[in-house]
Amino acid sequence: MPRWGMVIDLDKCFACQSCTVACRMENNTPVAGPDQAGKGRAILWNEVLPFIEGEYPRLVATMIPRPCMHCDYPPCTKVCPVRATYKNEEGIVVVDYNRCIGCRMCTVACPYGVRYFNWFPPEWPEELKQHLNPDPEVAPRPKGVVEKCSFCIQRLHKARQKADAEGRAFMATDYIPACVQTCTGHARYFGDLDDPTSLVHQLAHSPRAFRLLEELGTEPKVYYLKQG
Amino acid sequence: MHPENKNETVILNPLRKVGLADKLLWATLLGLLLLGIGVWIRQYVLGLGITGLNRPVYWGVYLTNFVFFIGLAHSGTFISAILRLAGQGWRKPLTRAAEAITLFSLPFGVASILVDMGRPDRILNLIWFGRYESPILWDVTAVGLYLLSSIVFFYFSLIPDIALCRDRLTQAPGWQRRMYTILALGWRGTPQQYHRLERVLDGMAIFMTMLVVTVHTVVSWLFGMTLQPGWHTALIGPFFLLGAILSGTAAVVIVLAILRKVYRFQHVLPVSLFNSLRKLLITFLLGWLYFMIAEHLTIGYGNMKEEMVVLQDKFSGNYALIFWSMAVLVFGVPLLIFLIKGKDSIGWMVLACVLINIGMWMERYIVIVPTQISPRLLSVSGQGIYLPTMTEALITVACFAGFTLLYAVFTRYFPIVPVWETAESLPVGHEAEPALQTGSATAD
Ligand code: SF4
Ligand code: SF4
């Protein structure tokens with residue numbers, strides 16, 4: 001059973017935000033509009049967070065792209081009263097939109113601010129509407145439920161089907177989330193963390209590797225490679 | 001057979017006539033309640049976006065109301081169960097008034113959660129798919145049990161008085177008399193019946209006491225079980241519990257004073273009762289200060305980065321105004337009033353208790369919001385903001401109106417002071433417990 005994980009090389013990331021855009025197109029996250037976004041209602045499964053230290057001109061900026069960490073000990077799934085969010089056997093933390101009661105306990109429990117609530121029914125400008133991903137697995141979520149990055153799990157399902165159809169064994173490299181595929185700086189790596197031969201495994205064990213808020217014991221499966 | 005109580009007429013007086021003033025009051029409260037329900041329906045249709053909630057402040061006024069109403073509910077159980085176990089006879093005249101607070105505030109605690117839910121239509125998922133690893137299920141269970149057992153406890157102790165109404169209020173409209181007959185369950189008031197009733201109530205009191213401690217602790221664990229700075233502390237449970245008992249007891253004072261004035265219960269609810277409550281309240285206030293200092297000193301002294309963000313926000317940041325006015329309202333002014341003016345003065349006591357309750361609402365708010373406003377990673381893009389909207393305000397008003405409405409109506413149809421518990425003597429053969437005698441002495 002693979003244990004999916006991601007590595008993001010901060011030296012290579014130049015904060016172009018194409019991951020954020022790719023994620024939006026792949027996963028049909030609604031457009032909040034400037035007004036609602038100003039109120040903190042934007043839904044961005046992937047977000048590039050700017051950590052600025054010091055003041056101009058002596059300033060160190062670290063841009064950290066932040067998908068869901070798909071924690072091995074996820075505080076979010078623990079508190080869900082109805083198992084609407086859970087970690088599947090392959091370590092991906094998913095949300096069941098048909099079951100979520102919208103209590104937002106998971107959103108306050110996630111230390112990474114990764115989970116988003118649908119404050120309104122989803123909306124898109126007319127032009128964008130025609131380009132929604134037709135995959136039923138990412139059909140727009142109704143108002144009142146929580147959603148978040150799923151490592152594009154629909155792509156995993158599709159990759160498996162494809163391998164089946166072609167009559168060959170599924171390989172970890174068949175599956176790649178949209179943000180990783182798009183990343184302009186080739187800063188993102190994805191694969192099976194448990195496979196010692198995989199690139200992600202090796203990078204995750206590099207001396208440059210670190211994880212966000214490691215001290216909380218959530219065991220994130222998204223690793224970063226220190227910049228500099 | 002009915003107990004002899006020289007105050008019987010006075011106590012039953014409010015039940016004899018529903019005046020125009022009552023109807024006006026009820027209509028106003030009902031209007032506010034319906035308005036709130038309307039606003040909730042609108043919120044359900046449009047989405048929770050019409051509140052001030054956002055990311056990162058996912059929980060706001062509704063959760064504050066939830067904690068507050070569950071806190072108010074602690075009054076009744078505290079007075080009737082805990083003081084019953086402690087053999088405090090003076091509590092007797094005010095037991096029912098206090099229990100009614102419990103009974104009528106719990107539904108609005110529950111309602112606040114429903115209002116807060118994104119998908120209240122899926123509430124049954126809690127039953128089909130409920131999992132006990134989640135603190136929400138602990139809450140559902142504890143609050144549910146608490147509501148059920150409060151109803152039973154309340155109803156049992158009401159039965160002898162319903163039977164009294166059935167036999168005394170012969171002028172009442174037909175439906176009202178029928179209601180009494182049905183609800184009295186054929187109570188005859190034999191010594192054995194009283195004996196059995198007392199035993200059941202004593203037994204339930206033990207259960208209720210355990211439940212009351214559990215309920216508010218579990219409510220606090222909604223917050224305490226997360227890893228968030230400011231919430232993740234073992235003290236949050238006891239602190240919430242003490243706060244609940246404080247605001248609940250203060251609410252009892254307010255309610256008693258109103259009943260005393262409006263229904264002319266001066267003899268039934270003597271000033272001595274208020275003085276006893278005053279002593280309790282002073283104790284709770286000091287306890288509250290103790291928790292407050294223990295909590296904040298530990299965090300401040302430890303000086304851990306993440307915790308300090310929240311602490312500083314409360315002490316000197318955006319929430320300083322609310323925080324310090326809360327401290328003055330809950331603790332400072334009320335303690336001064338109790339110590340200097342409170343004795344024998346109901347007016348001052350009520351003022352202090354109103355301040356305590358306003359302050360306690362703010363305290364709940366100040367626990368819930370500042371922690372969320374600067375979450376660990378997101379604060380890089382600036383602090384969050386949370387400004388409740390009209391929707392939240394109207395629904396809050398509706399909850400308070402609903403609570404008052406239930407209370408006001410109840411007092412017009414059922415004796416709000418227990419006649420049998422304050423009686424000089426119960427039907428012969430009943431072994432009066434010593435506390436009972438003290439009770440009637442206080443009622444003189
Ligand atoms: S990052 Fe947050 S949402 Fe993702 S698994 Fe961890 S706790 Fe859950
Ligand atoms: S908001 Fe949905 S997913 Fe999150 S804890 Fe509540 S029911 Fe579970």
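The values are calculated or read from the model by the stated rules, or taken from the named source; none is laboratory data. It should be emphasised that the depicted structure is a prediction, and the values quoted were computed from it without experimental measurement. Because the Cβ atoms are built from the backbone with ideal geometry, glycine has one as well, and the counts that use them run over all protein chains shown. The accessibility values were calculated without ligands, DNA or RNA, using every heavy atom of the protein model including side chains. Shrake-Rupley method; radii C 1.70, N 1.55, O 1.52, S 1.80 Å.
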Open item on the list: List the lysines whose Cα sits under 27 Å from the Cα of residue A:87, skipping any in the same chain fewer than 8 residues away.
Closed with: A:78, A:143, A:148, A:158, A:162, A:221
Open item on the list: Quick check: the distance between the Cα centres of the stretch B:174-249 and the stretch A:1-68, to the nearest angstrom?
Closed with: 48
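Quantify how strongly other chains surround peptide A:70-82 by giving the mean number of their Cβ atoms within 10 Å of each of its Cβ atoms.
Counting Cβ atoms of other protein chains within 10 Å of each residue's Cβ and averaging gives 4.
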Open item on the list: 5 Å is the cut-off here: which amide hydrogens, built 1.01 Å from N in the peptide plane, fall below it relative to residue A:49, excluding neighbours closer than 5 in sequence?
Closed with: A:64, A:66
Open item on the list: What translational diffusion coefficient, to the nearest whole µm²/s, does the stretch B:59-186 have by Stokes-Einstein, given a Kirkwood radius computed over alpha-carbon pairs, a temperature of 20 °C and 1.002 mPa s viscosity?
Closed with: 127
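For a Förster distance of 45 Å, can you work out the FRET efficiency between the beta-carbons of residue A:215 and residue B:276, rounded to the nearest 0.05?
0.35
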Task: Accessible-area composition of the protein assembly as shown, carbon plus sulfur, in percent [1.4 Å probe] - done: 65
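Using a cut-off of 14 Å between beta-carbons, work out the net charge of the residues near residue B:335 (Lys and Arg +1, Asp and Glu -1, residue B:335 not included).
Computed value for this residue: +4.
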TODO: Mind listing the long-range amide H neighbours of residue A:223? Cut-off is under 5 Å, sequence gap 5 or more, other chains count too, H placed in the peptide plane at 1.01 Å from N.
DONE: A:6, A:7, A:8
Task: Calculated P(r) of chain B - Cα pairs past 37 Å, % - done: 27
Task: Neighbourhood net charge (10 Å Cβ-Cβ; Lys/Arg +1, Asp/Glu -1) for residue B:96 - done: -2
Open item on the list: Please compute the average number of Cβ atoms from other chains found within 10 Å of each residue's Cβ in peptide B:83-94.
Closed with: 0
- [ ] For n ≥ 4 DSSP H runs only, could you compute -39500 (n - 2.57) per run for chain A, divide by its residues and tell me the 222 nm figure to the nearest 500?
- [x] -6000 deg cm²/dmol
- [ ] In nm, give the distance between the simple-model label positions of residue B:286 and residue B:207, each being 7 Å from the Cα along the Cα-to-Cβ direction.
- [x] 3.6
TODO: Could you order A:182, A:218 by accessible surface area, starting with the largest, using a probe radius of 1.4 Å?
DONE: A:182, A:218
TODO: Between B:263, B:301, B:58, find the one with the highest GNM mean-square fluctuation for chain B; connect C-alpha pairs within less than 10 Å.
DONE: B:301
Task: GNM result for chain B, Cα springs below 10 Å: residue of B:87, B:402, B:130 fluctuating most strongly - done: B:130
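Please quote Rg/Rh for the protein assembly as shown to two decimal places, taking the Kirkwood radius as Rh and restricting both calculations to Cα atoms.
That ratio is 1.06, to two decimals.
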Task: For the stretch B:163-177, 3J(HN,Hα) per residue [Karplus equation, 6.51 cos²θ - 1.76 cosθ + 1.60, θ = phi - 60°, Hz, x = Gly/Pro] - done: 4, 4, 4, 4, 8, 8, 8, 6, 7, 5, x, x, 4, 5, 5
Task: Under the Karplus curve 6.51 cos²θ - 1.76 cosθ + 1.60, θ = phi - 60°, whole-Hz ³J(HN,Hα) for the stretch B:150-156, x wherever Gly or Pro sits - done: 5, 4, 5, 4, 5, 5, 4
TODO: Summarise the partner chain shielding of A:139-149 as one whole number: the mean count of Cβ atoms from other chains within 10 Å of each residue's Cβ.
DONE: 2
- [ ] Kindly rank A:59-66, B:348-355, B:122-129 from highest to lowest mean number of other beta carbons found within 10 Å of each residue.
- [x] B:348-355, A:59-66, B:122-129
TODO: Work through the residues other than residue B:315 whose Cβ is under 15 Å from its Cβ and net out their charges, Lys, Arg +1 and Asp, Glu -1.
DONE: -3
- [ ] Return the sequence-ordered ³J(HN,Hα) values of the stretch B:7-12 in whole Hz as given by the Karplus equation 6.51 cos²θ - 1.76 cosθ + 1.60 applied to θ = phi - 60°, using x for Gly and Pro.
- [x] 8, 3, 4, 4, 5, 7
- [ ] Starting from the Cα of residue B:314, draw a straight line to each of the aspartates and glutamates and keep only those under 16 Å, dropping any in the same chain fewer than 8 residues away.
- [x] B:295, B:306, B:363
Open item on the list: Sort A:190-200, A:23-33 by the packing proxy (mean of other Cβ within 10 Å over each peptide's residues), most packed first.
Closed with: A:23-33, A:190-200
